[in-house]
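A.B. asks: Right, I'll just put the structure down here and ask away after.
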Amino acid sequence: MSTALQPTAAEQALGVSLPSRRDEEWKWTDLKRMLTWPYRVSHTTDGKTVDRLVSASPFAGVTTHRVVILNGRLDEGRSKLKGLAISVGAVSVDEADPLIDLNGRLNPQGLTLSFEGQVDVPVEIIFVTTGDNAVVASRLHVVVADGASAMLLESHVGAGEYLHNPLVTCHLGKGARLDRIKLECEDGEAQHLAQSVIALGKDARLLDLTLTAGAQLSRQNGNVVFIGENASARVNGSYLLKGKQHVDTRLLVDHRVPNCVSRELFKCVMQDQSRGIFQGKVIVRPNAQKTDGKQSSHALLLSEAAEFDAKPELEIYADDVVCGHGTTCGDLNPDHLFYLMSRGIPKAEARAMLVEAFVAEVIDMVENEAVRDVLLAQVRERLA
């Protein structure tokens with residue numbers, strides 16, 4: 001047998017076949033080459049470390065509802081579940097994807113969180129992962145009933161050199177609304193391989209925002225599927241990268257029915273030798289007439305060694321649509337920097353102000369003022 005076809009040590013430990021640069025969607029993130037740790041499913045948990053991570057949650061003052069998922073399992077003792085409809089059991093996913101396959105092998109059990117009516121208080125979901133060389137899979141299914149609304153504040157934190165493989169699936173019923181805010185702040189030595197699948201019913205509304213700042217290696221696959229007419233989805237994201245961080249987002253927006261609207265906006269900031277990647281694809285099926293879909297990604301490269309790769313795609317099989325995409329990449333505008341410095345603002349502070357204004361566009365769409373302030377504070381902290 002050819003050596004290239006033999007499973008790597010990581011594949012043997014994880015029990016799956018990993019994608020490589022030979023796969024078009026993985027050509028910038030070769031997991032077969034990049035995953036080299038001697039992974040183990042069993043690991044120890046330090047209670048004091050977990051308490052510290054949970055208590056440091058930036059969303060602590062925003063909500064009274066909290067779900068703590070520790071190393072892939074519900075931690076009822078650290079959660080605040082009063083008033084939440086939550087159950088533990090098997091969660092099935094129809095999509096075929098290497099990250100979903102890995103998740104299913106490691107942890108077929110998951111949590112189901114259901115919402116009925118108008119839920120005015122946000123619900124915080126904290127994924128905590130600990131252990132060195134540990135591999136952890138988490139699985140969360142969210143159901144927003146017909147006419148219901150909810151806001152999820154999803155944060156990913158941890159301590160150690162671990163691999164976290166979370167899977168989040170959501171189903172929005174007729175006229176439902178979901179605001180999903182994800183803050184990826186994994187340990188700086190961690191690996192974050194995430195997958196989300198969100199289905200929108202008739203007249204549903206979705207705001208999905210991901211702020212990525214942690215993990216040495218991060219790959220996030222997103223699927224947004226329109227299954228009911230007159231639905232709308234806005235998917236935003238931002239990277240705040242430094243050192244040698246590597247972040248790759250693959251987003252697929254699938255218009256299967258007519259009269260739906262999708263907007264995707266990513267604003268990415270790379271410093272030092274970090275690398276950011278955005279692969280966005282919009283599919284318009286043959287009967288999805290009157291589709292309105294737009295996608296854009298923009299990057300700030302704050303050092304000569306930083307890198308950003310973009311691959312926007314449109315795949316259209318209907319003739320009565322309005323679709324477009326665009327991408328830009330570059331450094332800060334020197335004229336803008338000079339203007340602020342000429343007003344007496346120090347150079348470092350002026351650069352931070354311009355970068356914050358660049359990122360703020362994706363955050364300003366969050367209607368909850370307290371949540372918006374938390375996200376902006378996270379941006380300032382990372383820039384500092």
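The values are calculated or read from the model by the stated rules, or taken from the named source; none is laboratory data. The shown structure was predicted, so the numbers you read here are calculated from the model rather than taken from an experiment. Ideal geometry is used to build each Cβ from the backbone, glycine not excepted, and the neighbour counts take in all protein chains shown.
A.B. asks: Of everything in region 232-250 that's touching a residue at least 40 places away in the same chain (Cβ under 8 Å) and within 20 Å of residue 315 (Cα to Cα), which residue is surrounded by the fewest Cβ atoms within 10 Å (Cβ to Cβ)?
C.D. replies: Selected residue: 234.
A.B. asks: Sticking with this structure for a sec: Residues being of a type outside the set (Ser, Thr, Tyr), part of a helix (DSSP H, G or I) and more than 17 Å from residue 301 (Cβ to Cβ): count how many of those fall in region 332-357.
C.D. replies: 9
A.B. asks: Here's another thing I want to ask about it. Could you list all residues from region 280-303 that are touching a Phe, Trp or Tyr at 6+ places or on another chain (Cβ under 8 Å), of a type in the set (S, T, N, Q) and either surrounded by 19 or more Cβ atoms within 10 Å (Cβ to Cβ) or not in a strand (DSSP E or B) (or both)?
C.D. replies: Of everything in region 280-303, just one residue is touching a Phe, Trp or Tyr at 6+ places or on another chain (Cβ under 8 Å), of a type in the set (S, T, N, Q) and either surrounded by 19 or more Cβ atoms within 10 Å (Cβ to Cβ) or not in a strand (DSSP E or B) (or both), namely 297.
A.B. asks: Let me ask something additional. Please go through region 304-322 and give me each residue that is crowded, with 17+ Cβ neighbours inside 10 Å and of a type in the set (Val, Ile, Thr), ordered by number.
C.D. replies: 321
A.B. asks: Within region 102-111, identify whether any single residue is of a type in the set (Lys, Arg) and out of contact with any helix residue (DSSP H, G or I) (no Cβ under 9 Å at 6 or more places or on another chain), and answer yes or no.
C.D. replies: no
A.B. asks: Of the residues 38, 19, which single one is buried (at least 19 other Cβ atoms within 10 Å of the Cβ) and in contact (Cβ under 8 Å) with a residue 12 or more places away in the chain?
C.D. replies: Exactly one residue qualifies, and that residue is 19.
A.B. asks: Residues that are of a type in the set (D, E, K, R) and out of contact with any Pro (no Cβ under 8 Å at 6 or more places or on another chain), at least 3 per element: which helices (runs of 4 or more DSSP H) completely within region 1-79 meet that?
C.D. replies: Per the criteria, 47-55.
A.B. asks: State whether one or more residues within region 47-65 are acidic (Asp, Glu) and either on the phi > 0 side of the Ramachandran plot or at pLDDT below 90 (or both).
C.D. replies: no
A.B. asks: Would it be correct to say that residue 87 is within 27 Å of residue 221 (Cβ to Cβ), crowded, with 21+ Cβ neighbours inside 10 Å and touching a strand residue (DSSP E or B) at 6+ places or on another chain (Cβ under 9 Å)?
C.D. replies: So residue 87 does not fit the description; no.
A.B. asks: Run down 384, 348, 306, 310 and say which single residue is more than 19 Å from residue 207 (Cα to Cα) and touching a Phe, Trp or Tyr at 6+ places or on another chain (Cβ under 8 Å).
C.D. replies: Step by step, each of 384, 348, 306, 310 is checked, and only 310 is more than 19 Å from residue 207 (Cα to Cα) and touching a Phe, Trp or Tyr at 6+ places or on another chain (Cβ under 8 Å).
A.B. asks: Ok, one more. Out of 334, 312, which single residue is closer than 26 Å to residue 254 by Cα and not aliphatic (A, V, I, L, M)?
C.D. replies: Exactly one residue qualifies, and that residue is 312.
A.B. asks: Name the residue that is surrounded by the most Cβ atoms within 10 Å (Cβ to Cβ), counting only residues in region 323-339 that are touching a strand residue (DSSP E or B) at 6+ places or on another chain (Cβ under 7 Å) and among the hydroxyl-bearing types (Ser, Thr, Tyr).
C.D. replies: Only one residue tops the list, namely 327.
A.B. asks: List the number of the failed condition for residue 325; all other conditions in (1) at pLDDT 95 or above; (2) within 30 Å of residue 351 (Cα to Cα) hold.
C.D. replies: (1)
A.B. asks: Pick from 123, 144: which is farther than 18 Å from residue 82 by Cβ and either of a type in the set (Phe, Trp, Tyr) or surrounded by 21 or more Cβ atoms within 10 Å (Cβ to Cβ) (or both)?
C.D. replies: That would be 144, the only listed residue that is farther than 18 Å from residue 82 by Cβ and either of a type in the set (Phe, Trp, Tyr) or surrounded by 21 or more Cβ atoms within 10 Å (Cβ to Cβ) (or both).
A.B. asks: Then there is this: For region 108-120, name all the residues that are over 20 Å from the mean Cα position of the chain (by Cα) and either among the charged types (D, E, K, R) or surrounded by fewer than 21 Cβ atoms within 10 Å (Cβ to Cβ) (or both).
C.D. replies: 108, 109, 114, 116, 117, 118, 119, 120
A.B. asks: Filtering region 84-107 down to residues that are modelled with pLDDT of 90 or more, of a type in the set (A, V, I, L, M) and part of a strand (DSSP E or B), which residue is farthest from the chain's Cα centre (by Cα)?
C.D. replies: 85
A.B. asks: What's the number of the condition residue 133 fails, among (1) surrounded by fewer than 24 Cβ atoms within 10 Å (Cβ to Cβ); (2) at pLDDT 95 or above; (3) more than 16 Å from residue 235 (Cα to Cα)?
C.D. replies: Failed condition: (2).
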